């Protein structure tokens, strides 16, 4: 009965996500899809064409998470136009999230003395989570990375029980895929590897490590030869964009605010309060980090891989809150933490004592979690109904809605234009059939641009690349001016539409400028 229940929850999760995948791409883009999705798609398309890993047909880059791009290559080769591969990216991400539902159920069952109940609660919490669904429809590596990390932990648990060499090989292969899916998987992969080397099956984990290295070797070897690192360059670019733009206290509060309430509800008001009340934000972060660590050790006692998974989640939370504080990306950066939170809640609720004296507490805990799942489902329903004219999330929540502006801007650009942009993903993706060239200026997918951004010489880079036009949001155009060695003249050629009144009041309209860089 337990497996049937888990299957039913997984099917429900699939129906929810599949229904959303069928919505008009214009609305899905405005609800869920950041510009980074189009970078990955563009790189996959150029890989399919045999150009190597380049976003816009120019310099080669390692500024992307490899596994998703590799999986999208055949779709970019076989599906017509730009929208077919985009839809495929959404479906791939949604399917990975359904796998996460199943894996959370399996892990909860392994961790609990009441496996059927724990599996049902963990799977249900993720299946209806509005935060999980939003990440599942972003077309990026978020859901795939979470699924790979959980699959690795599950495979290690199986290998430890079976004591079979082939099981460790399987775990190693998944570890390699997890590292390719997202490089920050290293926290859980290295943590479990170090534990097994010290206290577990040393021969098994060495076998797993060898297989994992075989999986990552082709891509890592290429990166080492071409870029002298195995870490995606996009992280360094993002870090130089955000360092100094916020205080440590606000970063801690914003990160903790993403964990509290999730996966059932996104408490944006709590995050805002923590942002503007630093002492509260710091206290909230400390409470969340210590609470996760304590709950992980307690709930997963006797299951070291699961305990390390929880501690790795805490490490990930600290890493992004302190070292890479891109607040507007935290929803997807912290997705593994949210998955661990769902797992912990389910196991702890399922473990509530069932003696006659504690039966009421048991019933209340279970009903409370089911009520939280119901709230999450209700919060997810608007995804099917919203028809936003532009992005419904901006600022620190992460700007969406690049598809329509990009299509309009490349349509406005004169033939032969060379268009520079800080956020050039969607522009490059939709400019492919137009006689224009796109140049990335923020350095996420261009190492030379990353250097020019850091040194404040974007105008010099633009001159070297023969940039004739700029296209971006107004605040990014201001950044380009500030990151240049001297002023330049620009003439407005057009703006994107439609934009709703709130977005217009914030200046959120994509603009196309013709540029004279001066002598």
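The values are calculated or read from the model by the stated rules, or taken from the named source; none is laboratory data. From a predicted model like this one, the values you see are computed outputs, not experimental measurements. Cβ coordinates were reconstructed from backbone atoms using ideal geometry, including for glycine residues, and neighbour counts include every protein chain displayed.
Here residue 70 meets each of (1) over 28 Å from residue 229 (Cβ atoms); (2) out of contact with any helix residue (DSSP H, G or I) (no Cβ under 6 Å at 6 or more places or on another chain); (3) in a helix (DSSP H, G or I) with one exception, condition (1).
Quick one: in the stretch 338-361, which of the residues that are modelled with pLDDT under 85 and in a helix (DSSP H, G or I) is surrounded by the most Cβ atoms within 10 Å (Cβ to Cβ)? Spell out how you get there, then give the answer.
Narrowing the stretch 338-361 to residues modelled with pLDDT under 85: 350-361.
Now restrict to residues that are in a helix (DSSP H, G or I): 350, 359-361.
Numbers: 350: 27, 359: 12, 360: 9, 361: 13.
Among those that are modelled with pLDDT under 85 and in a helix (DSSP H, G or I), it is 350.
Rundown of residues vs (1) in contact with a strand residue (DSSP E or B) (Cβ under 7 Å, 6 or more places away or on another chain); (2) free of Cβ contacts under 8 Å to residues at least 24 places away in the same chain; (3) under 27 Å from residue 398 (Cβ atoms); (4) not in a helix (DSSP H, G or I), yes/no style:
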{"site": "220", "(1), (2), (3), (4)": "no, yes, no, no"}
{"site": "249", "(1), (2), (3), (4)": "no, no, yes, no"}
{"site": "254", "(1), (2), (3), (4)": "no, no, yes, no"}
{"site": "261", "(1), (2), (3), (4)": "no, yes, yes, yes"}
{"site": "272", "(1), (2), (3), (4)": "no, yes, yes, no"}
{"site": "281", "(1), (2), (3), (4)": "no, no, yes, no"}
{"site": "284", "(1), (2), (3), (4)": "no, no, yes, no"}
{"site": "292", "(1), (2), (3), (4)": "no, no, yes, no"}
{"site": "296", "(1), (2), (3), (4)": "no, no, no, no"}
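Quick check: is even one residue across the stretch 310-331 without any contact (Cβ under 8 Å) to a residue 24 or more places away in the chain and surrounded by fewer than 20 Cβ atoms within 10 Å (Cβ to Cβ)? Within the stretch 310-331, none of the residues are without any contact (Cβ under 8 Å) to a residue 24 or more places away in the chain and surrounded by fewer than 20 Cβ atoms within 10 Å (Cβ to Cβ).
Answer yes or no as to whether residue 64 is at pLDDT 95 or above and part of a loop (DSSP other than H, G, I, E, B). Against the criterion (at pLDDT 95 or above and part of a loop (DSSP other than H, G, I, E, B)), residue 64 qualifies.
Tally time: how many residues in the stretch 445-484 are assigned to a loop (DSSP other than H, G, I, E, B) and modelled with pLDDT under 95? Spell out how you get there, then give the answer.
Step one: of the stretch 445-484, the residues assigned to a loop (DSSP other than H, G, I, E, B) are 445-446, 456-457, 465-468, 473, 483-484.
This time we only want the ones that are modelled with pLDDT under 95, so: 473.
Total satisfying the criteria: 1.
Every test in (1) under 30 Å from residue 275 (Cβ atoms); (2) not in a loop (DSSP other than H, G, I, E, B) is passed by residue 401 save one, and that test is (2). Among the residues of the stretch 227-239, those identified as in a helix (DSSP H, G or I) and either under 19 Å from the mean Cα position of the chain (by Cα) or within 21 Å of residue 345 (Cβ to Cβ) (or both) are 233, 234, 235, 236, 237, 238, 239.
Test residue 182 against the criterion of being touching a helix residue (DSSP H, G or I) at 6+ places or on another chain (Cβ under 7 Å) and more than 16 Å from residue 103 (Cα to Cα), and give yes or no. It is true that residue 182 is touching a helix residue (DSSP H, G or I) at 6+ places or on another chain (Cβ under 7 Å) and more than 16 Å from residue 103 (Cα to Cα). Within the stretch 12-61, the set of residues being without any contact (Cβ under 8 Å) to a residue 60 or more places away in the chain and either assigned by TED's automatic domain parsing to the domain that holds residue 79 or part of a helix (DSSP H, G or I) (or both) comprises 15, 22, 24, 44, 46, 47, 48.
Select from the stretch 73-94 the residues that are touching a helix residue (DSSP H, G or I) at 6+ places or on another chain (Cβ under 9 Å) and either without any contact (Cβ under 8 Å) to a residue 12 or more places away in the chain or not assigned by TED's automatic domain parsing to the domain that holds residue 223 (or both) and list them in ascending order. Step through it out loud before you land on a result.
Keep residues of the stretch 73-94 that are touching a helix residue (DSSP H, G or I) at 6+ places or on another chain (Cβ under 9 Å), which gives 73-79, 82-94.
Residues satisfying the conditions are 78, 79, 84.
Could you please let me know if residue 220 is more than 27 Å from residue 105 (Cα to Cα) and modelled with pLDDT of 95 or more? Full working, then the answer.
On the way: more than 27 Å from residue 105 (Cα to Cα): yes; modelled with pLDDT of 95 or more: yes.
So residue 220 fits the description; yes.
If you check residue 284 against the conditions, is it closer than 30 Å to residue 444 by Cα, modelled with pLDDT of 90 or more and under 27 Å from the mean Cα position of the chain (by Cα)? No. Within the stretch 20-46, the set of residues being over 21 Å from the mean Cα position of the chain (by Cα) and crowded, with 20+ Cβ neighbours inside 10 Å comprises 46 only. Per the listing 432, 409, 364, 438, the residue uniquely under 26 Å from residue 517 (Cα atoms) and at pLDDT below 90 is 432.
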